[in-house]
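Written out below as structure tokens is the structure these notes cover.
Laboratory data are not the source of any read-out in this text; all were calculated from the coordinates shown. None of the values given here were measured: they were computed from a predicted structure.
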Amino acid sequence: MSHVNTNAKARLLVPLTLVVALAACSGKDESAPATTAPAAPTATAPAATPAPAVSAEVQSKGPEELRELASKALRENRMYAPAGDNAMEYYLALREKTPDDASIKSALTDLQPYTLIAAEQSLAREDFAEGQRLVALIEKVDPTAPALPRLKSGITKGMETALTRTQEETDKVKKDAENKAKQLADQQRQQQASEAEAARQIAAQQDAARRESERQDGERQAAARREA
């Protein structure tokens with residue numbers, strides 16, 4: 001990363017943050033559900049020690065509560081956001097507590113592509129903190145995911161570029177960001193519709209798996225009573 005003095009950084013980051021915020025606001029869908037990222041991203045680097053992929057509060061919950069919260073999050077199309085209250089985190093915590101449950105692994109596999117798309121969109125609008133959070137979720141699901149090196153490299157290079165961008169480049173970035181924001185708005189609306197349908201399907205699969213598990217438990221209990 002190129003070295004710049006403190007005053008130069010201060011002059012650079014203020015207009016750059018306004019540019020990125022303007023681009024995000026231009027592309028924001030007011031009716032969008034909680035799956036959209038925050039409307040005012042910043043190009044500054046996130047904390048040196050990022051928060052864990054799954055919050056401590058989520059990890060502290062029991063399996064039954066996690067299962068109910070995950071199902072509710074899917075019904076409400078909270079697949080990967082907001083942080084601390086989304087299906088990805090609930091299923092990841094549930095996988096830690098019930099590692100042999102194939103339905104949980106299947107749900108995470110189904111959710112991962114949508115989280116990947118959201119991470120790429122975060123990088124496109126220079127919301128690196130949100131991008132890092134989503135990448136951490138993907139890595140928690142599958143540490144060998146092929147997209148991880150590309151996403152991590154994109155975050156690193158993106159932050160370096162944002163911090164070293166000259167004032168002259170900022171005007172051009174503003175125009176490009178406004179055009180990109182308009183394009184992203186249409187893409188996000190289409191993605192949200194697709195995610196809502198996918199969330200409904202995943203929720204239905206999980207409900208069916210739970211009912212089948214309950215039916216099998218009932219049969220085993222009935223058989224045990226007959227034997228007794």
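How many angstrom lie between the Cα centre of the range 62-86 and the Cα centre of the range 132-195?
25
Give Lys72/Lys152; Lys72/Lys105; Lys105/Lys152 a once-over and call out the pairs whose C-alpha atoms are over 20 Å from each other.
Working: Lys72/Lys152 31 Å; Lys72/Lys105 18 Å; Lys105/Lys152 24 Å.
Violating the 20 Å limit, Cα to Cα: Lys72/Lys152; Lys105/Lys152.
Report the Rg/Rh value for the range 68-220, based on alpha-carbon coordinates and the Kirkwood definition of Rh. Display every interim value, and only then the final one.
On the way: Rg = 18.5 Å, Rh = 17.2 Å.
The Rg/Rh ratio comes out at 1.08.
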